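Novice: First the structure, which I've put down as structure tokens, then a few questions once you've had a look.
The values are calculated or read from the model by the stated rules, or taken from the named source; none is laboratory data. Here the structure is a predicted model, which is why all the values come from computation and not from measurement. Because the Cβ atoms are built from the backbone with ideal geometry, glycine has one as well, and the counts that use them run over all protein chains shown.
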Amino acid sequence: MIEVDIAKNFGNFSLDLSLHLQKDFTVLFGPSGSGKSVALQTIAGWMQPDSGTIRVNGLVYFDKKTGVNLPINRRHIGYVLQEPSLFPHMTLFENIAYGASGLPSGERKRKVLQIIERMRLKGLENHFPSQISGGQKQRGALARALVASPLLFLLDEPFASLDNPVREKLRLDLLRIIKEDNIPIIFVTHDVDEAFVLAEEMVVLNEGRVEQRGSKEDIFYRPQTHNAAKFFGAKNIFRGKITEIHSEEGKMTVGVERKAFKAVMPYRPGTVVGEWITFCIRPEEIMILKEGKPIKANLQRNVFTGEIVRIVERGAEHTLFFKQGEDDYDFEISLSNLAYRSLHLQEGDRVSVAFKWESIWLIPQKK
Amino acid sequence: MEGSVFFSLRLSLQVAAVATVLIVLIGTSVAYFLARKDFRGKELVDILLTLPLVLPPTVTGYYLIWLAGRNGLVGEYIFHWTGWNILFTWYAAVLASFVVALPLMLKTTRAAIESVDPNLVNISYTLGHGELKTFFKVILPLSKKGMVAGTILSFARAMGEFGATLMVAGNIPGRTDTMPIAIYTSVSSGDWSKANIMVIFFTLVSGAFLYIASRLSKKII
């Protein structure tokens, strides 16, 4: 159990953080400058908050009121940074052994060799950091942190400067090791895919504050704020005014601000005609209808006809920009390459698009 | 004649060696605090300790008399309790060399310690090691070359110290006449052959020191 309630003012930036983490693997997600790294540094004691408390498994690390500020070397934290931080003047073995001091030398050696084996670093023991690859350096840094048997792991974008195949391999290694050792982890990233692969619990940070927390599904499909929706690629985020409510049919119609369309969505009890709401539809939830085929019942409520203005190829998928009104575009649509190829689309084509009304997510209004 | 040259050489080496040991111990500690700690008056401390680098040696010597003389700020107490005064002893030559050469050690060592990646230092703490162990296992090895360069420069400077030494240790043949002072005496009394030997020796030794120091400080960058 990790409880962090802290504030720190940097003049042009302030951090006001409240984290209460139960799960073993928490991803701290947010754009650059959202305060993710600073959050980790205060937990590790590298930086001191202006006020508040930090507790890990009931152990007080910091408490402004009682004046407790546990020294860094007594916090038992495993910290791995984005930039390789192995000691350049020590071999890989010496680096890892540096994390295992305090043990009798025989046991220490055995433990270090065991970690080297587990982190697949065998044969590199006598190499200096300058002689091994970026991925091996990060494995070494993980091994060095792990051998100290920390209470908590803080990983600050540890794989961000590695190339893709190495990164994926390291992620899997990390997940395996967590299962084996059962050490709670706070993992910082600004990579949506990475966040989704790793997180049990996710915390979205923005401008030094918690934007939303929850399971990854919660944040991905049920963002609680406009920013959370934006960070996780909801793309189609609209503000609109409720124009009709048919509560007996359980539906309502929303006229979208500055757009020439209306969307029909499930009635949200408590809302009234004339109220402004914000909603989003993920780009992969919008379908392109094939001509001549009957439209499925659950798609019929929201069908729009217009033009494909732009097609962008993005590796495994294509992004289409669709407009029906005067605006640059109204919807961003994401298609798998397979679906894209079967449709034979070109920029300028006129098509009809539709989405299920369950795909619409109403972002709760801020109080 | 030969005997007094050897005495001066031995005295110069002795003074420079003792001053350098003190400079390494005190200079490294002070440089560590200046590089890694934040405290009020930090830059003032740096400026005060660096002043002898730019002040005329006579001014530095004057301050030392004011501090350590029989009626000096500190010297008065020492004299009162022990009846001993440092002025006009070879210890005074050590004191002068120490004060004048210390800034060279401070500057190079502070820069070398500041150039150590702070993340590495914090990682060492995070791995459970205290400040002392982190200093010896991480900071020292990574700033070693700068420190060695600073040590050599300080030694060379301490060997060559003249002005402040003359003021606080005087020119007592067979007691406080270090080589630079002996050269001055030889020249002013027209003993050119003696002066020549010492000047050539001094130039060669100092040149060698500078060469070693510059090779080492290049490597730290």
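Novice: Quick check on my filter: what residues within the range B:52-81 are free of Cβ contacts under 8 Å to residues at least 12 places away in the same chain and in a helix (DSSP H, G or I)?
Specialist: Within the range B:52-81, B:VAL54, B:VAL59, B:TYR63, B:TRP66, B:LEU67, B:GLU76, B:TYR77, B:ILE78, B:PHE79, B:HIS80, B:TRP81 qualify.
Novice: Need the failing condition index for A:PHE220 against (1) in contact with a strand residue (DSSP E or B) (Cβ under 8 Å, 6 or more places away or on another chain); (2) modelled with pLDDT under 90; (3) buried (at least 17 other Cβ atoms within 10 Å of the Cβ), just the number.
Specialist: (1) is the only condition that A:PHE220 fails.
Novice: Moving to a separate point now. Please give the helices (runs of 4 or more DSSP H) falling wholly within the range B:117-197 in which 3 or more residues are surrounded by fewer than 20 Cβ atoms within 10 Å (Cβ to Cβ).
Specialist: Of the helices (runs of 4 or more DSSP H) lying wholly inside the range B:117-197, those with at least 3 residues that are surrounded by fewer than 20 Cβ atoms within 10 Å (Cβ to Cβ) span B:118-126, B:131-134, B:140-160, B:179-188.
Novice: For residues that are within 9 Å of another protein chain (Cβ to nearest Cβ) and either of a type outside the set (A, V, I, L, M) or without any contact (Cβ under 8 Å) to a residue 60 or more places away in the chain (or both), tally how many sit in the range A:66-85.
Specialist: 10
Novice: What number of residues within the range A:122-141 are within 31 Å of the chain's Cα centre (by Cα) and surrounded by fewer than 17 Cβ atoms within 10 Å (Cβ to Cβ)?
Specialist: Matching residues across the range A:122-141 total 2.
Novice: Here's something else I'd like to know. Being closer than 21 Å to B:HIS129 by Cα and without any contact (Cβ under 8 Å) to a residue 12 or more places away in the chain is the requirement here; does A:GLY102 meet it?
Specialist: It is true that A:GLY102 is closer than 21 Å to B:HIS129 by Cα and without any contact (Cβ under 8 Å) to a residue 12 or more places away in the chain.
Novice: From A:VAL312, A:VAL303, A:VAL351, which residue is at pLDDT 90 or above and touching an Asp or Glu at 6+ places or on another chain (Cβ under 8 Å)?
Specialist: A:VAL351
Novice: Exactly one condition in (1) exposed (fewer than 15 other Cβ atoms within 10 Å of the Cβ); (2) over 18 Å from B:ARG157 (Cα atoms); (3) in contact (Cβ under 8 Å) with a residue 24 or more places away in the chain is not met by B:PHE88; state its number.
Specialist: It is condition (1) that B:PHE88 fails.
Novice: Being surrounded by fewer than 16 Cβ atoms within 10 Å (Cβ to Cβ), among the polar types (S, T, N, Q) and within 30 Å of A:MET47 (Cα to Cα) is the filter here, so list the residues in the range B:1-39 that pass it.
Specialist: Across the range B:1-39, the qualifying residue is only B:SER29.
Novice: Which of the residues that make up the range A:86-96 are within 12 Å of chain B (Cβ to nearest Cβ) and without any contact (Cβ under 8 Å) to a residue 40 or more places away in the chain? Quick ask: steps written out before the conclusion?
Specialist: Step one: filter the range A:86-96 for residues within 12 Å of chain B (Cβ to nearest Cβ), giving A:86-90, A:94-96.
Of everything in the range A:86-96, those that are within 12 Å of chain B (Cβ to nearest Cβ) and without any contact (Cβ under 8 Å) to a residue 40 or more places away in the chain turn out to be A:HIS89, A:MET90, A:GLU94.
Novice: Please state which one of A:MET265, A:MET252 is over 16 Å from A:TYR329 (Cα atoms), touching a helix residue (DSSP H, G or I) at 6+ places or on another chain (Cβ under 6 Å) and assigned to a strand (DSSP E or B).
Specialist: Exactly one of A:MET265, A:MET252 is over 16 Å from A:TYR329 (Cα atoms), touching a helix residue (DSSP H, G or I) at 6+ places or on another chain (Cβ under 6 Å) and assigned to a strand (DSSP E or B), namely A:MET265.
Novice: Can you find even one residue in the range B:115-129 that is touching a Gly at 6+ places or on another chain (Cβ under 9 Å) and more than 14 Å from every other protein chain (Cβ to nearest Cβ)?
Specialist: No, that holds for no residue.
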